[in-house]
Amino acid sequence: MDTMQSQPVQISLEKSQILKGLAIIPVVLIHYSAYLQGIYTTSKFQLFFIAVDQLGRYCVPLFLLLSGYGLALRYKNEQPIWLAFIKTRLWKLIPLYVLWSVVSYILLSVVPAWQSTGVHQPLWYQLLTGSADYQLYFVILIFQLYAVFPFFLRLVKKYPTLTLILSFMAQLFLFIYYRSYELPNQNNLDGLQYMYFASWS
């Protein structure tokens with residue numbers, strides 16, 4: 001009888017970065033294909049494009065998972081200082097985020113027909129909510145995840161089982177909430193639920 005204890009599977013930091021890069025490719029393709037008229041409705045390859053689109057949507061949570069995994073490996077033997085950690089991480093994101101938010105704001109101001117909701121919110125509101133363009137919610141989500149990471153890492157290290165149970169309960173509660181929540185004249189809550197880090201915990 002084999003008495004050796006099974007070892008947990010661990011991916012190196014370098015390999016997790018490669019997987020993150022691979023996960024980015026389908027996300028980019030999904031957003032690009034959204035601008036191709038008729039591929040999901042009238043194309044003879046309609047089912048193929050829909051299948052690729054739906055499979056590709058798993059790449060966003062995979063990217064988040066691998067990002068969190070990489071950070072956890074990096075800080076496996078130390079506890080990051082919150083303020084220093086936030087400054088370093090956000091400085092990499094904010095300049096490009098502001099740039100592309102402003103570009104989107106100007107484009108939608110010049111061509112109102114491109115506005116998906118028909119309502120052009122003030123720039124400050126779009127910067128706070130990541131609503132200058134649909135996919136920019138992701139940057140706001142990353143901001144939040146960076147903000148809670150040091151605290152979450154401490155909890156995982158001290159109370160791994162309890163943290164897992166509480167995370168599952170939070171997910172269950174939010175699933176029930178979003179299923180029952182309705183907004184007038186809005187039939188999907190993608191932008192609402194995706195923006196909050198607790199939806200991905």
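Points worth noting:
- For the condition aromatic (F, W, Y), touching a Gly at 6+ places or on another chain (Cβ under 8 Å), surrounded by fewer than 18 Cβ atoms within 10 Å (Cβ to Cβ) and closer than 26 Å to Y32 by Cα, F138 qualifies.
- Breaking point among (1) among the aromatic types (F, W, Y); (2) surrounded by 13 or more Cβ atoms within 10 Å (Cβ to Cβ); (3) at pLDDT below 85, for W114: (2)
- Residues located in segment 90-105, provided they are at pLDDT below 90 and not aromatic (F, W, Y): L90, K92, L93, S104
- Among the residues of segment 40-66, the ones that are surrounded by 13 or more Cβ atoms within 10 Å (Cβ to Cβ) and touching a residue at least 60 places away in the same chain (Cβ under 8 Å) come to 2 in all.
- Taking the criterion of being of a type in the set (F, W, Y) and either touching a strand residue (DSSP E or B) at 6+ places or on another chain (Cβ under 7 Å) or more than 24 Å from Q171 (Cβ to Cβ) (or both), the residues of segment 58-91 that qualify are W82, F85, W91.
- Against the test of being on the phi < 0 side of the Ramachandran plot and at pLDDT below 70, the options P160, P122, P150, P184 yield a single qualifying residue, P184.
The values are calculated or read from the model by the stated rules, or taken from the named source; none is laboratory data. Quick caveat, the model's predicted, so the values are computed rather than measured. A quick note on method: Cβ atoms are made from the backbone with ideal geometry, for glycine too, and the neighbour counts reach across all protein chains shown.
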